[in-house]
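What follows is a single structure, written as structure tokens, with notes after it.
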Amino acid sequence: MNRGGLIQVIYFILYILVQVLVLRNLVVFNASFCLLYIAFILLLPIETNTLVLMGVGFILGFTIDIFYDSLGLHALATVLVAYLRNFWLATITPQGGYDSGASATLAAQGLQWFVVYTLPLVFLHHLVLFFVEAAGTGMFWFTMLKIVASLLFTMTAIVLLQYLIPQRKRL
Amino acid sequence: MERLLNFIYEYRAFLTFLLLEILCAWLIIENNQYQSSKYFNSSNQVAARLLGFSQGVREYVALRSINEDLANENAHLRNELQRALIELTEGTTDSLRVNQFEFVSAKVLANATQHYKNFITINKGMADGLAPGMAVVGDGGAVGKVKSVSNHFAVVISLLNVDEQVSGSIKRSNHFGTVRWDGVNMRYSTLQFIPRHAHPIVGDTIITSGYNAVFPQGIPIGYIREATLKPEAPFWDIRIELAQDFGRLAFVEVIKSKLLAEKDSLQLRTIGEIK
């Protein structure tokens, strides 16, 4: 395994630990969850193969599920995001395309691009997650409230993390 | 066949996607229906340990509110216990008598032990039905009497106050005397007025006697550690170790006695007649 891969494995474990040990206990007003782990999928190098993304996404979601006692739920939402990620990246390609080996980080692409990239995917993740969890649209508005509140929380955490951890332009 | 393989290869991402999502959906449904996933949930070793650790941290952070809950529960249980005791010992179901004591849990905001006249401030007051004269107990035993109340706070005369006197009796022999602090050591107090003919033994438990109706009968005050009888002295010199450690007082319970007024007025009337 090359160095980049090893770093990603460490990040993978870190994301899971932070999610399970810290963020799981951090629920604001019983509605706002911070599901930071999804950032791991979003921040993998731009050229990562969709198959790899989905595989990693499944393992990530499955691991989170074990701790949340919600077998399959997070895996489902994460695989969806992993599948759509590359399509979305292709859609919002800046003029002149991505540099080879570029990473999908705020430092490399700028704040505006980063938000445009992450916000819809995180929203989709939360949308699927909370509606599948609610098993239907029975509590539509409360579920929507949860989604929006969690979206704000997760996005804040993802963007803040980008500023807090110094990112290299290339990984 | 080749076309089929080509098709699969071309759409491998989408097919993998479908496969994984179907697997997830199946897991979700399976998990919801039977609650039977035996291994892949938080009850497995690694997950449980990690979560236990996380819960430990969380509990530490939440200790304050947990403590408060426990204190409230304690007050509630003491209510129940006192009621059951009165029902058992007095053989009565008269609701006013059975419910004559009510326990209110309160947090200690300030507590002194180093003065001669020590007071304790608690976070409940008139708004919670407190009034001067009510008894205060801690997890170990008697703590003191409410001295004054404001709307949301109250000041308690600690047993560690040389002015405070509580009627106490030796549990074994029922001889009663007065517990009064000598102002020296916060762990020790004295029991006065135990007559010569009584035979206190080191280790005897001192409980509230119930003669003053402030404290319910039987709340521990302390344990005899020294008992000496000087020649010609009418009473024993008894040193007791307090049941309540005043050094680590965090939560107390205030006892409301509903029959106190009735008892006092009856006693006053009787004394008036004698005069």
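The values are calculated or read from the model by the stated rules, or taken from the named source; none is laboratory data. Keep in mind it's a predicted model, so treat the numbers as computed, not measured. Reconstructed Cβ throughout: ideal geometry from the backbone, glycine too, with neighbour counts over all protein chains shown.
So here's what we get for this one:
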read-out: Contacts under 9 angstrom Cβ, first residue in region B:121-138 being touching a residue at least 12 places away in the same chain (Cβ under 8 Å), partner of a type in the set (Ser, Thr, Tyr) and in a loop (DSSP other than H, G, I, E, B), 6 or more apart; value: B:Gly125/B:Ser150; B:Met126/B:Ser150
read-out: Residues satisfying the stated conditions in region B:44-53, i.e. within 9 Å of chain A (Cβ to nearest Cβ) and either modelled with pLDDT of 85 or more or not in a loop (DSSP other than H, G, I, E, B) (or both); value: B:Val46, B:Ala47, B:Leu50, B:Leu51, B:Phe53
read-out: Members of region A:122-156 found to be outside any helix (DSSP H, G or I) and surrounded by 14 or more Cβ atoms within 10 Å (Cβ to Cβ), listed by number; value: A:Ala134, A:Met139
read-out: Pick from region A:69-102, criterion crowded, with 22+ Cβ neighbours inside 10 Å and in contact (Cβ under 8 Å) with a residue 60 or more places away in the chain, ranking: nearest to the other protein chains (Cβ to nearest Cβ); value: A:Leu73
read-out: Qualifying residue in region A:127-144 (condition: of a type in the set (Ser, Thr, Tyr) and modelled with pLDDT under 90); value: yes
read-out: Strands (runs of 3 or more DSSP E) wholly inside region B:190-256 containing at least 2 residues that are over 21 Å from B:Val162 (Cα atoms) and at pLDDT 90 or above; value: none
read-out: In region B:165-183, the residues that are of a type in the set (S, T, N, Q) and in a strand (DSSP E or B); value: B:Gln165, B:Ser167, B:Ser169, B:Thr178
read-out: Which listed residue, of A:Ile7, A:Ile13, A:Ile38, is touching a Ser or Thr at 6+ places or on another chain (Cβ under 7 Å) and either of a type in the set (Val, Ile, Thr) or under 15 Å from A:Phe67 (Cα atoms) (or both); value: A:Ile38
read-out: Region A:24-55 - residue that is free of Cβ contacts under 8 Å to residues at least 24 places away in the same chain and within 30 Å of B:Tyr60 (Cβ to Cβ) and, of those, surrounded by the fewest Cβ atoms within 10 Å (Cβ to Cβ); value: A:Asn30
read-out: B:Ser169 being modelled with pLDDT of 90 or more and under 23 Å from the mean Cα position of the chain (by Cα); value: yes
read-out: Whichever residue in region B:83-115 is small (Gly, Ala, Ser) and touching a residue at least 24 places away in the same chain (Cβ under 8 Å) and, among such residues, is nearest to B:Val162 (Cα to Cα); value: B:Ala112
read-out: Selection from region A:116-167 of residues that are closer than 16 Å to A:Ile41 by Cβ and touching a residue at least 60 places away in the same chain (Cβ under 8 Å); value: A:Tyr117, A:Thr118, A:Leu121, A:Val122, A:His125, A:His126, A:Leu129, A:Thr154, A:Ala157, A:Ile158, A:Leu161
read-out: Test: A:Leu119 is in a helix (DSSP H, G or I) and closer than 19 Å to B:Leu18 by Cα; value: no
read-out: Criterion (in a helix (DSSP H, G or I) and at negative phi) met by exactly one of A:Ile46, A:Ile41; value: A:Ile41
read-out: Yes/no for A:Thr105 being more than 9 Å from every other protein chain (Cβ to nearest Cβ) and without any contact (Cβ under 8 Å) to a residue 24 or more places away in the chain; value: no
read-out: Search result, residues across region A:24-54 that are in contact with a helix residue (DSSP H, G or I) (Cβ under 8 Å, 6 or more places away or on another chain), over 23 Å from A:Val116 (Cβ atoms) and within 14 Å of another protein chain (Cβ to nearest Cβ); value: A:Arg24, A:Asn25, A:Leu51
read-out: Region B:1-43 - residue that is within 7 Å of chain A (Cβ to nearest Cβ) and farther than 17 Å from A:Thr50 by Cβ and, of those, modelled with the highest pLDDT; value: B:Ala25
read-out: Any chance A:Ala157 is out of contact with any Gly (no Cβ under 7 Å at 6 or more places or on another chain) and within 14 Å of another protein chain (Cβ to nearest Cβ); value: no
